[in-house]
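The values are calculated or read from the model by the stated rules, or taken from the named source; none is laboratory data. Predicted, not measured: the structure shown is a model, and the values here were computed from it. Neighbour counts are summed over all protein chains in view; Cβ atoms, including those assigned to glycine, are modelled from backbone coordinates with ideal geometry. SASA here: full protein model, heavy atoms, side chains in, ligands and nucleic acids out. Shrake-Rupley method; radii C 1.70, N 1.55, O 1.52, S 1.80 Å.
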Amino acid sequence: MPPSSSIVGSIVERKSGPGTPKPTSNFSSSSSSGFPAVQHRSKSAFAKSREDGKKFGTGIGIGSSKLRQIPTVVSNGSLKQDASASPENPTPSLEKEPDWREKISKDNEAKVSNMTDEEREEERREILERFGEKIGDVLKRARMAREKQRQAGLKAEPMDLTQDGIPITSEERKPQERARSPPPSALVTPSSTRPSSRADRRLRFAELGAEDVHVYESAPSSPKKKALALPPPDPNDNDTVSLGEWKGKIVSPDPNSLEEPPVDDDMPPPLVDDSAPQESIQAIPEPMEVDQDPEEGSAEYIRQRYFPNAPKNDPNIAWLKTSAIPSSTPSDSTLSSSFSNLRFNLQGIPISALDSTTLPTHLGLHHHAEGTRAGYTLDDIFLLSRSSVPAQRATMLGVLAGVVRWLAGSTRDDGFLKTKEDGMKELAEHSDELRKRILSAGIAAMQERGSNGLRAVEVIWECLVGWDLDSLYIEGIELDTERSAISSIQSDLEFFLPQVAGLLVQGTLPTKSQSQLLAILHRLARQSNAIAESIVFTPKLLPTILQTFIFTSTSPSVSLPLTDSQDSSNLIPDHSAMHLIHTLITSSRSSASEIEKIADSFLRFISILPNSTPYSLTQATAMLTWTLRIYKALASYGLYTRIAGEAVRELAGLEQYVISRTSKFQSGAQEEGDEYGLKIAWLELIEAWMTCAIDPHQTTPVHEIRWSQVVGWGWDKGISEIQSSLGSDEKEWDVWEAMWRAQAAWLEGVKVNGVKGGEKEREAALETIEPLFEGGVAAGVLLAALNIVEETLSKAVDPAKLTELSACFQVLTSAIRLWLACVPPHLEGPPPRPPFTLPFARLSKVAAKLIDHLVWSVSNGPNSAVHRRSISQYLAYYVRLSRRLPDSSPDLWMAQAFSILLRLGIGNEDVVEGILRNATALVTPQWTSTRRIPCPQVIWEKGGFAVLEPFLGYLLRPNPIVVVSPLTITPKSIKDSTTQKLPPIHNQSRLGGLPLQRDWTMTPLDHLLRSSDSEVFKTLPSGWDFSEVEVTRAALFLTKVVQETLINMSLSPIALTREETVFRCMQVFMLEHGQTQNEASREVFRDADVKELMECLLRNHAYDDGLSFPSTLGEVDLEKVAGRFLGPSVPFFQFYTDFVALYDAISFSDPAFARLLLAPTSMHYEVDYRKHLWCDYGHLLKTIRTTPEKVLSGDLREYLHPTETNGQLLGAYLNALLRGDIQAFPRFVAVHHLASTIWPDLVEEGAYFDEKTGTMLKAVLQRGNNEVVRDIVSYHQTKTSSGSKVLFPPDCFELDEERKRSRRECVVRWGGSGLLSRIEGLL
């Protein structure tokens, strides 16, 4: 290979000199594997360089263990002696720093000199944007400092590494010395982990200005905190010298004060003069000011006693001064209108701002961070409730309980409205959020032992039970609300309920805490059925409740010593626990099935009667009463009826005991568990058992109780004996009501299971019943209750009187039920002779008044919903009574039935089904023909109303999983019902179902429009096969039947309103929305029968029909009516735009379709509807030929007033008139608004008139034809205030002389005589 030039030269090893550093490897030699040691990226480059320097002895990291030690301060004399004694250790000097600054400065100056002015300005702008406007001053000061150093020839003195201490020598003052800081306080503990790297670093301080210094207020140290500091130096050590003590004063200036803070002469100046020589750092001791006899409790007294080593003016104990001398008036910075600044005492009661500054400190209200004011803020309380000191936690939990107690009381009596304290109203607005937070704090502390756990239970009780004591007496409805604080505990039930069980199992809680836990569980069970089920199925919770509160193992007659946490009440069964069991049963069938397993244990209260029990008579009667109520609640589901046959002997003895006891009433309210309540409980129980025996196949399991057993037990005779002992006192009305229901259940049972429909049993019962209603005691009770009902309904119902009104209606309902039970089963219609006399006329008037009474709109929370349920039950039984009255015609009964349907609530689904079945059975071709109701023959050919059964069934029961039991149980309800409670109020409207709306007959259209999502179409029966046209036809026909029936009986206020009719007819046309020609064989609205039925419905709401629909129930507009179908997310305007587009596409000028277009264009609706029709779809107006008389309106003034002011719409009116293609009612509306804009005499009183509108007249005259000009100039209309009817053409175009004269004057004023000459013939 030929030789070539070498690309890589020879490697020559250089000779190392004494000044050449020895090269080192970049890899650590400590690695035994040959690979580099692992290096963490998180280590900074500065720390890594420092460590490398220490390893290899380079740079600043020269290793010396002395550098890691804290140097000792020694005196000058000692240092000099040591230096002279060791001359062989000279001080090493650092190498001279290269003058690189000068080179960089020259380069920069050359670069700047070569720049243009624009480039210099751009660079200057960038520097200012990056470093700020003060960068020039900073660079100037730095340059001046360097010049002074250069002139003085100052060099940094090297650190003597051979000495153990740092000398304090006399040397020149260094420039830019920082102000001296106070010495560290004795309360500050020096860090024991200070990094060794701090010893070999030179500290450089930034040059700060006054604007760069910020003061931050910090929390003071606790006075109980022990001070950890370095030990003081040995006084015998002569080598140490004191640096002195800082004797300055730190004054916190008042930000609101205009005075300058005092200057302490002893404090060094903030900056040292650069020209002054550096002197030795000498500490000039200042004589300590010691108070020889400080006042006890003062700040100086506390300092001398607890912090003797701390300087007098130490900032770390400055809090002593502020807390010892409270300000007479709180500063503005500490007061706020927010409720977070409210302060509370140890009882949880707010403290006023004035009292918080004057209360003494011995009350214990100053133990918080801001010690100048008495009381604790909410943040203080929550913080201290989590303190590490148990006593503090217990105290603060008690304060939280007091806060909730005070908050609940103020909410009930409107205490927030009576106070003027800042923050009270805000606290009322956030009371629910605050209660949730306090509840969470109580639950978190519940598992603690001792007083903390007891206080936590009290907090939870105040939040759940004490907050709303009225809810303790509400039964039959879930109390859940949308913003309930109890809802926040649902997610913690898995933690909370086992904790309750554990606390009760321990048996160490005092009686008060046990009762509070029981009340908490009861309140949670009433909140929702889901929570009740959680209580039932929590392991060991239910058995623990029974063992703790009900099944006590010790008799009260046995004398045993009691522990501190017990008292004699622990040994007595608590009927409140029985009440809880009853609530759990009524919540759901699943809970009742679980409790049925332990129901045998309650027999002890039946087998041992109250007169034989060792307990008091009141307590034993209460336990027996609640046992009967529990068995009745189980029987309402058809559960545990076997006990009636297994405990015959015990129940017979109980029956005799109930009969033998006379009613004892105390003055005032009755006590729970008295003889009165016991009789009611017994009568309700046998009523439920007799209802179960009517059809034994409905019980669970079947045939647990049979009617033959009921007959053998002779309960009917016991009822008669109880009846004979009752009087007419108002306190006994409830007993009469329960007894009539029990007698009715017996007679209903013999109708089904007795011989000849129970003829003999019925005759025997009437022998005792009829005399009581023919001027006897029963008649007096009934008439007295009826008088109260009539008097209450004659005026506005007070929510407080709903309880009394509901009780009276229950008496009337029971009497009607008993009367119906006495009617032979084979009779249809009125019996030949009534079983006994009732005030039928007065009962009918009460029912008629109830239909549209304001009692249905009375809002009193869940309590009103429960009471209204009793009122609607009266209507349910009255409609059955009305059919048996001799003066009740089929038309009258149908009108009553259709009106009562709107008032029957949840739980009456079976009643509504029966009413619909009987009412529709009366509708026949003959019935419709005699009343001139159009009835297509095809409807009867297709099975009549059978096509609507799936839709109406879903309407009544939209949620088949939840079935609420009726107030009066039936053989069908005991099998189907899943709960005995109404759903929460806020969920009743969402769930749908009862009560029905006035347009309930048109609900099948909702399912047709949403057939893909409809639950009805997903569960249709196999034999159901009908088309859209057939469903629509049947729905319209049923609607027409109901409407005509109500109108003929003067019940138009509860008939279908105009807005409801319009929207439902719109839905018929919207069935074609989204359809194609291939998808639909024919359009539904073009069916002749559908078209005729719609025309009949709309005719009653036309302007010229003459039928009036008074809005006693409050008519609503189309937007609200449509909201029930569209929901909150879809506006009605969107529905209307689709409706207009559909008319444009397929209507072919259908008259009914066109009439519906005009409905939302009245002046009551937003201008967008009118713009959409007149502006966006103005070409459709020529197809609308609806006359004013056919417009769907009760008063056409809603289209005329107020006068239109939108310029775009006025232009659309004018253009439409100028085109000449609109007519009938659209033309009438356009002429009215244009003329009302032009002529002052058409302006309504109080409305604004613009004189500039004369230009509108000029436009009409210039562009309009003779007909348009004549209509605009000659139009006039009656005023709204006159009450006269609206004038239609040609009457509205006839002007009187006064109007002509005023309009001539206007024309002259606007355009002179020339303009007047053009229309003078018209005026």
Worksheet item: So is Thr1186 under 25 Å from Val1121 (Cβ atoms) and in a loop (DSSP other than H, G, I, E, B) or not?
Response: yes
Worksheet entry | Selection count where residues are open to solvent by 20 Å² or more (accessible area, probe 1.4 Å) and among the polar types (S, T, N, Q), scope the stretch 462-487 | 2
Worksheet item: Is it the case that Lys760 is under 21 Å from Leu875 (Cβ atoms) and free of Cβ contacts under 8 Å to residues at least 40 places away in the same chain?
Response: no
Worksheet item: Quick check: anything in the stretch 869-892 in a helix (DSSP H, G or I) and over 27 Å from Val823 (Cα atoms)?
Response: no
Fill in: Boolean, Arg1064 is surrounded by 12 or more Cβ atoms within 10 Å (Cβ to Cβ) and at pLDDT 95 or above
yes
Worksheet, complete the sentence: Subset of the stretch 504-515, residues open to solvent by less than 20 Å² (accessible area, probe 1.4 Å) and either in a helix (DSSP H, G or I) or without any contact (Cβ under 8 Å) to a residue 24 or more places away in the chain (or both), comes to Leu504, Ser513, Gln514
Worksheet entry | Hits in the stretch 939-962 (condition: over 15 Å from Thr1003 (Cα atoms), open to solvent by 40 Å² or more (accessible area, probe 1.4 Å) and touching a residue at least 60 places away in the same chain (Cβ under 8 Å)) | Lys942
Worksheet entry | Residue list for the stretch 828-859, filter: in a loop (DSSP other than H, G, I, E, B) and farther than 21 Å from Glu770 by Cβ | Glu828, Gly829, Asp852, His853, Val858, Ser859
Practice prompt. May I ask you to list the residues in the stretch 937-968 that are farther than 21 Å from Asn918 by Cα, part of a loop (DSSP other than H, G, I, E, B) and not polar (S, T, N, Q)?
Written response: Pro958, Pro960, Ile961, Val962, Val963, Leu967
Worksheet item: Which numbered condition trips up Pro825, out of (1) part of a helix (DSSP H, G or I); (2) open to solvent by 10 Å² or more (accessible area, probe 1.4 Å); (3) closer than 22 Å to Ala745 by Cα; (4) not polar (S, T, N, Q)?
Response: (1)
Worksheet, complete the sentence: Scanning the stretch 1194-1229 for residues that are in a loop (DSSP other than H, G, I, E, B) and either buried (at least 19 other Cβ atoms within 10 Å of the Cβ) or within 51 Å of the chain's Cα centre (by Cα) (or both) gives Gly1194, Asp1195, Leu1196, His1201, Pro1202, Thr1203, Glu1204, Thr1205, Asn1206, Ile1222
Practice prompt. Pairs only if they're at least six apart or on different chains, beta carbon under 7 angstrom, first in the stretch 520-549 and surrounded by fewer than 19 Cβ atoms within 10 Å (Cβ to Cβ), second part of a helix (DSSP H, G or I) and of a type in the set (D, E, K, R); list them, first residue then second.
Written response: Phe537/Glu594
Practice prompt. Please work out which one of (1) open to solvent by 20 Å² or more (accessible area, probe 1.4 Å); (2) at negative phi is the condition Leu818 fails and give its number.
Written response: (1)
Practice prompt. Working only within the stretch 488-498, note down all residues that are of a type outside the set (Asp, Glu), surrounded by fewer than 17 Cβ atoms within 10 Å (Cβ to Cβ) and touching a residue at least 24 places away in the same chain (Cβ under 8 Å).
Written response: Leu493, Phe495, Pro498
Worksheet item: Looking at the stretch 345-376, which of the residues that are open to solvent by less than 20 Å² (accessible area, probe 1.4 Å) and touching a helix residue (DSSP H, G or I) at 6+ places or on another chain (Cβ under 6 Å) is nearest to Met396 (Cα to Cα)?
Response: Gly348
Item to complete: Taking the residues in the stretch 587-623 that are among the β-branched types (Val, Ile, Thr) and open to solvent by 10 Å² or more (accessible area, probe 1.4 Å) as candidates, determine which candidate is farthest from Arg661 (Cα to Cα).
Response: Ile598
Worksheet, complete the sentence: Scanning the stretch 1151-1193 residue by residue, the ones that are open to solvent by less than 40 Å² (accessible area, probe 1.4 Å) and out of contact with any Lys or Arg (no Cβ under 8 Å at 6 or more places or on another chain) total 21
Discussion item. Take the conditions more than 27 Å from Pro984 (Cα to Cα) and surrounded by fewer than 19 Cβ atoms within 10 Å (Cβ to Cβ) and apply them to Asp910. Does it pass?
Written reply: no
Worksheet, complete the sentence: Among helices (runs of 4 or more DSSP H) completely within the stretch 975-1042, the ones holding 1 or more residues that are modelled with pLDDT of 90 or more are 1004-1009, 1015-1018
Practice prompt. Within the stretch 923-937, track down each residue that is open to solvent by less than 40 Å² (accessible area, probe 1.4 Å) and either at positive phi or modelled with pLDDT of 90 or more (or both).
Written response: Val923, Trp927, Thr928
Item to complete: Select from the stretch 1253-1303 the residues that are outside any loop (DSSP other than H, G, I, E, B) and at positive phi and list them in ascending order.
Response: none
